[in-house]
1. Taking the stated definitions as given, is residue 51 modelled with pLDDT of 95 or more and within 19 Å of residue 139 (Cα to Cα)?
2. Go through region 64-104 and report how many residues are without any contact (Cβ under 8 Å) to a residue 12 or more places away in the chain and more than 23 Å from residue 120 (Cα to Cα).
3. Mind checking which residues of region 51-84 are within 22 Å of the chain's Cα centre (by Cα), surrounded by fewer than 19 Cβ atoms within 10 Å (Cβ to Cβ) and more than 23 Å from residue 247 (Cβ to Cβ)?
4. So how many residues does region 21-49 have that are part of a helix (DSSP H, G or I) and touching a strand residue (DSSP E or B) at 6+ places or on another chain (Cβ under 7 Å)?
5. Here is a list of conditions, (1) over 13 Å from the mean Cα position of the chain (by Cα); (2) closer than 25 Å to residue 64 by Cβ, and residue 154 meets all of them except one; can you say which number that is?
6. Being at pLDDT below 95 and either assigned to a helix (DSSP H, G or I) or surrounded by 16 or more Cβ atoms within 10 Å (Cβ to Cβ) (or both) is the requirement here; does residue 176 meet it?
């Protein structure tokens, strides 16, 4: 009997220890304001899980009409920290918070762990320029799918050693294409200018002698001189703002976060 009891206690202890391993994972989508249909929400959840599992990096979205008296920055940080999000030792990931109370809208991306490196301040604005217009038009499904894909793109790019930032090639565009466009614009502008000048030009018949071009009495030079007094050179420094990276702050849990709004 004692042996059976000991085995039962052993199995009970093992079960208790395994409970955390089988605990439900936190939801990657929490649509508090109901901007998605049920079918669209399921597709967004599947997309977020696909990207998060692929990257081992939590990509989270939450919509809400109540910031609980906090700034959207603090709300986003706390939602991520206390919600149990983040993969690995450094809890890598990011969360997009969309706040709408019927009259005003705010959007903020909070980053933690490797998210701070992968989603720079510039990168967050890059995401914002892509998804904000869609949300403004009520296209939340497209915006959230695009957000997941962009997070995937930027994390992969950063892990390859090229995080999207102010000085990265992607932010500057294709240099060769820019040169070609500049040359084309210059040629077109020059052609237009020459055409305008040519249209105003009235040709005259060629004279045999230069004297024939002068009107009698029109040129009377009584005296001339040049008096060079002084010279000055004005120099204005050209500003070259090459700063980049991610600005950071400390959340209420004492964790370091990056982030930005759009």
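The values are calculated or read from the model by the stated rules, or taken from the named source; none is laboratory data. Keep in mind that this is a model prediction, so the values were computed, not measured. Backbone-built Cβ (ideal geometry, glycine too); neighbour counts: all protein chains shown.
1. No.
2. Of the residues in region 64-104, 5 are without any contact (Cβ under 8 Å) to a residue 12 or more places away in the chain and more than 23 Å from residue 120 (Cα to Cα).
3. Once the filter is applied, which keeps residues that are within 22 Å of the chain's Cα centre (by Cα), surrounded by fewer than 19 Cβ atoms within 10 Å (Cβ to Cβ) and more than 23 Å from residue 247 (Cβ to Cβ), region 51-84 yields 54, 56.
4. 4
5. Evaluating residue 154 over (1) over 13 Å from the mean Cα position of the chain (by Cα); (2) closer than 25 Å to residue 64 by Cβ leaves (1) as the failure.
6. yes
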